[in-house]
Amino acid sequence: MKLAIMQPYFFPSSSYFELINYVDLWIVYDVSSYIRHGWINRNRILHASEKWQYINVPIKSHSHEDKINDILIAPEIKWKEKIFRQLDIYRKKAPHYNEVIDLLKICLSDDEKDIALLNTNLLRKVMAALNIKTELMVFSEMNLNIGKTNSTQELALNICKAVGAIEYANRPSGAVQFNEKDFAEEGIKLTIQNKKDMVYSCNGFNFEPMLSIIDVIMWNSPEEINKYFNSPFIAD
């Protein structure tokens, strides 16, 4: 079984979904500390005059020690309406605008109280739209006995052993935290996703890499995206 573990991001980039597509089991790691100015409650889409703009989910005040699954959404701010207004720049230009808006209405139809649950549910709905069949589980619901860990690598190795994974996959940004030899000594293959970003035409806009999956599905059909996902990436 191939395994990947990642925090629950808000409408993450296509490389996040590419990695999900590669593995058999994806674990949403919702118990790490929330870090401000990351990708937990925001992401990026195109802007009419600038290169890109943020879309955001407002959150309630919290302590520095709070975990991701402790972070509550601020309900009094009409953030969903604002996001749909921001997406209006794609109208009449993106070929899949109507389908994407319909999908996002489904994605944002529920009133989840915390950001981890919102992002996990978004992830499931986008996976379904892209026909990704990977099993998804939430770490805080798994009751795994992995003991105390002192590093990201040790955490990944212990989770791999707990679920019976024989391959662990991660993105290039996390490669510095892992040692292939250490994984091999445990009988686990380490694979680092290593492929050029998906590049596509944006009809009047300049292409910007690593935007939210929202941008990707505005311009590309699920079939085109899956063709790219299923092309090989290099194992380091």
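State all residues of the range 202-223 that are over 26 Å from Arg42 (Cβ atoms) and in contact (Cβ under 8 Å) with a residue 12 or more places away in the chain; if no residue qualifies, say none.
Of the residues in the range 202-223, the ones over 26 Å from Arg42 (Cβ atoms) are 221, 223.
If the condition is that a residue be over 26 Å from Arg42 (Cβ atoms) and in contact (Cβ under 8 Å) with a residue 12 or more places away in the chain, then Ser221 is the only one that fits.
Among the residues of the range 15-45, those identified as hydroxyl-bearing (Ser, Thr, Tyr), more than 14 Å from Val57 (Cβ to Cβ) and in contact with a strand residue (DSSP E or B) (Cβ under 9 Å, 6 or more places away or on another chain) are Tyr16, Tyr22, Tyr29, Ser32, Ser33. Just for the range 139-168: of the residues that are touching a helix residue (DSSP H, G or I) at 6+ places or on another chain (Cβ under 6 Å) and aliphatic (A, V, I, L, M), which one is nearest to Ile73 (Cα to Cα)? The selected residue is Leu144. For first residues located in the range 129-149 and under 30 Å from Glu99 (Cβ atoms), partners that are part of a loop (DSSP other than H, G, I, E, B) and at pLDDT 95 or above and lie 6+ apart or on another chain with Cβ distances below 7 Å form the pairs Thr134/Val23; Thr134/Asp24; Glu135/Asp24; Val138/Asp30. Taking the conditions exactly as written (closer than 14 Å to Met210 by Cα, without any contact (Cβ under 8 Å) to a residue 60 or more places away in the chain and charged (D, E, K, R)), does Arg36 satisfy them or not? It is false that Arg36 is closer than 14 Å to Met210 by Cα, without any contact (Cβ under 8 Å) to a residue 60 or more places away in the chain and charged (D, E, K, R). Within the range 134-153, the residues that satisfy the criterion of being closer than 17 Å to Lys2 by Cα and not hydrophobic (A, V, I, L, M, F, W, C) are Thr134, Glu135, Gln153.
Looking only at the range 23-33, decide whether some residue is over 21 Å from Leu136 (Cβ atoms) and more than 15 Å from the chain's Cα centre (by Cα). Yes - at least one qualifying residue is present in the range 23-33.
Show me the helices (runs of 4 or more DSSP H) entirely contained within the range 135-236 in which 2 or more residues are buried (at least 16 other Cβ atoms within 10 Å of the Cβ) and out of contact with any Lys or Arg (no Cβ under 7 Å at 6 or more places or on another chain). Reasoning before the result, please.
Working: elements: 152-163, 180-185, 213-219, 222-229.
Per the criteria, 152-163, 213-219, 222-229.
Take the conditions (1) within 21 Å of the chain's Cα centre (by Cα); (2) closer than 26 Å to Ile40 by Cα; (3) acidic (Asp, Glu); Glu154 misses just one of them, which is (1).
The values are calculated or read from the model by the stated rules, or taken from the named source; none is laboratory data. As the structure is a computational prediction, the values presented were derived from the model and not from experiment. Here the Cβ is made from the backbone with ideal geometry for all residues, glycine too, and neighbour counts use every protein chain on show.
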